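Read through the structure below, which is laid out as C-alpha cells, and then see the notes.
The values are calculated or read from the model by the stated rules, or taken from the named source; none is laboratory data. Worth saying up front: this structure is predicted, and the values here are computed from it rather than measured. Cβ placement follows ideal geometry from the backbone for every residue including glycine, while neighbour counts extend to all protein chains displayed.
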Amino acid sequence: MKEKNKLIALIIILLILIYILGKLIKVNSIKYTITSENTKFNISEIHNDDTIYFEITNGKFIYPISIFDSIKEKRLINKIYSYKDKEYSCILPIINNDIYTDIMCIKDNTIYNYQSIKGNDKKLDDYVSTLSMYKTYETNDDYKTYNNVIKVYNNIDKIISITTYKGIFINDKEIQLFNDDIYSNELNSYIDKYYITADYNSKYEFSDFYVVNLENENISKINSKQNISFDSYIQGIVDNKVYLYDTDNEIQYEIDIENNQINIVSNDEYIKYYRNNKWEKLSINKLKNKEIYFEFSDYSNKFPDYDYKYENDYYYYLIKNEKQVSNRLYRLNKNNLDIIEYLFDLPTDNIKLKDNYIYYIYKDSLYYYSDKTNIVKVLSDTELNFNDKIKYYIY
C-alpha cells in the first residue's frame with residue numbers, strides 16, 4: 001500500500017511539473033493572427049531573456065525577425081504595412097509601436113532589406129514614400145576630433161577603442177603606454193573589458209604585459225618569470241585567456257588577466273591546441289618555420305557555397321563573391337535556417353560581430369550595421385588607410 005501511495009505521489013509531482021513547464025512555454029511562446037491593410041498575417045512570437053523572435057507568415061511567404069530587447073508585454077505586433085507586385089512581396093511590421101527593422105521584401109526566396117534595393121522598383125519606392133512612420137535612416141554626422149587625427153561620431157552608446165602608436169584610444173581619451181611610436185604592434189589583444197599588450201618599451205625581449213581596463217581606464221601589469229621574445233605571436237583566445245607562442249624559445253604561454261598570471265603550458269614535445277571547441281595536443285615539430293593559430297569554427301560542410309562564414313548567438317553571416325560583385329553579405333536566423341536574407345555589399349570580407357551589430361572598416365573609417373539603423377559611421381582615423389595592424393574594439 002505504501003509503495004502504491006509513493007507511486008501516486010510521484011505521478012502527481014510529475015503532472016505538476018508538466019503543468020508548470022507548459023505554462024512557462026505558453027507564456028514565452030505565443031501565436032496570434034492580425035489583419036492589417038486587408039491582409040491576414042499569422043504571427044509566432046517567442047520571448048527569450050534578451051531577444052524576441054517573430055515569424056510572420058503571409059500565404060507562402062515567411063519573414064523571420066529577431067529584435068534585441070526584453071519587452072515583457074506580449075502580442076507586440078498590431079500593425080503591418082504590406083506591399084506586393086510582380087517582383088516583390090514586402091512588409092514593415094510595427095513592433096511595440098516602433099520600427100525595429102527595415103522594410104523586408106521577398107524576391108526569389110531571398111529577403112532583401114528595402115535600403116539594399118531602393119531605386120530598383122519605382123512602384124515600391126512610391127509606396128514607401130507614403131509611409132510617414134518609416135525612418136529613412138538619417139544618421140548624426142556630428143563628431144569630435146581628438147589629437148587632430150581621430151574623429152568620433154555621435155552614433156554609438158558603447159565603449160569604443162582603437163589602438164594607437166603609443167597605446168590605445170578609448171572613447172575620448174588616448175592612453176599612452178609606450179615612449180616611442182610602435183607601428184607594428186602585433187602582441188596585443190582585446191579581451192572582454194580589457195586590452196592587453198606586450199611592453200614595447202623593452203628591446204628584443206620583454207617580461208611585462210600592460211593591461212588596460214576599458215571601463216575605468218586603469219592600467220596594470222602582468223609579469224612573466226621568463227623573458228619573452230618579441231619574435232612571438234598570439235595563437236588565439238579561449239575562455240578569456242590569451243595563448244602566445246614564443247618562436248625563439250619554443251615556449252607556449254597562457255596569459256590569465258583575471259588572475260594576473262602568466263603560465264607556461266607547453267612542454268618539450270607538445271603545445272595546447274584548440275580546434276572546433278575542444279583542446280588537443282600538437283607536436284612542437286609542426287611549429288617549425290610555421291605559425292599555428294587556433295581554429296574556432298568550421299562551417300565548410302554546412303555552407304559550402306559561401307566564401308566566408310561568421311557566427312554569433314543569433315545568426316550565421318555568410319559572405320559570397322557573385323559574378324562581378326564581391327563580398328555580398330547574407331544572413332541566416334538560427335531560428336529558421338530555411339530563409340536567407342541579403343543585407344548589403346561589403347567593401348571587405350573582414351567583419352566583427354557584437355550583439356546585433358556588424359562592424360567593419362572601409363578606407364579610413366569604422367562603420368556598423370544594425371536592422372534598426374542601417375549603416376552608420378562610428379569613427380575615422382587617417383592611419384586606417386595605411387596600417388592594417390591597427391585594431392578596434394566595441395564593448
All but one of (1) more than 29 Å from the chain's Cα centre (by Cα); (2) surrounded by fewer than 17 Cβ atoms within 10 Å (Cβ to Cβ); (3) more than 30 Å from residue 219 (Cα to Cα) hold for residue 271; which doesn't? (2)
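Every residue in region 203-218 that is assigned to a loop (DSSP other than H, G, I, E, B) and among the charged types (D, E, K, R), please. Can you show your working first?
Restricting attention to region 203-218, the residues satisfying the condition of being assigned to a loop (DSSP other than H, G, I, E, B) are 203-204, 214-218.
Within region 203-218, 203, 215, 217 meet the criteria.
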If we scan region 160-179, do we find a residue that is surrounded by fewer than 13 Cβ atoms within 10 Å (Cβ to Cβ) and within 21 Å of the chain's Cα centre (by Cα)? no
Taking the condition of being within 28 Å of the chain's Cα centre (by Cα) and part of a loop (DSSP other than H, G, I, E, B), how many residues in region 28-45 meet it? 0
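Looking only at region 95-116, count how many residues are free of Cβ contacts under 8 Å to residues at least 24 places away in the same chain and under 11 Å from residue 342 (Cβ atoms). Spell out the reasoning first.
In the first step, residues of region 95-116 are kept if they are free of Cβ contacts under 8 Å to residues at least 24 places away in the same chain; the result is 97-98, 105, 107-108.
With under 11 Å from residue 342 (Cβ atoms) added as a condition, the list becomes 105, 107-108.
The total comes to 3.
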Unique residue being surrounded by fewer than 17 Cβ atoms within 10 Å (Cβ to Cβ), modelled with pLDDT of 90 or more and of a type in the set (Ser, Thr, Tyr) when the list is 393, 362, 315: 362
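State which residue is nearest to residue 80 (Cα to Cα) when the search covers only region 117-135 and only residues that are out of contact with any Leu (no Cβ under 9 Å at 6 or more places or on another chain), in a loop (DSSP other than H, G, I, E, B) and touching a residue at least 12 places away in the same chain (Cβ under 8 Å). Show your work before the answer.
Within region 117-135, the subset out of contact with any Leu (no Cβ under 9 Å at 6 or more places or on another chain) is 119-127, 129-130, 132, 135.
Applying the additional criterion that residues be in a loop (DSSP other than H, G, I, E, B) yields 119-121, 130, 132, 135.
Of the ones still in play, those that are also touching a residue at least 12 places away in the same chain (Cβ under 8 Å) are 121, 135.
On the way: 121: 21, 135: 15 Å.
The selected residue is 135.
Can you report the number of residues in region 136-154 which are part of a loop (DSSP other than H, G, I, E, B) and of a type outside the set (Ser, Thr, Tyr)? Even if it seems obvious, please write down each step before you answer.
Start the filter on region 136-154 by keeping residues that are part of a loop (DSSP other than H, G, I, E, B), which leaves 136-142, 147-149, 154.
Applying the additional criterion that residues be of a type outside the set (Ser, Thr, Tyr) yields 138, 140-142, 147-149, 154.
Residues meeting the conditions: 8.
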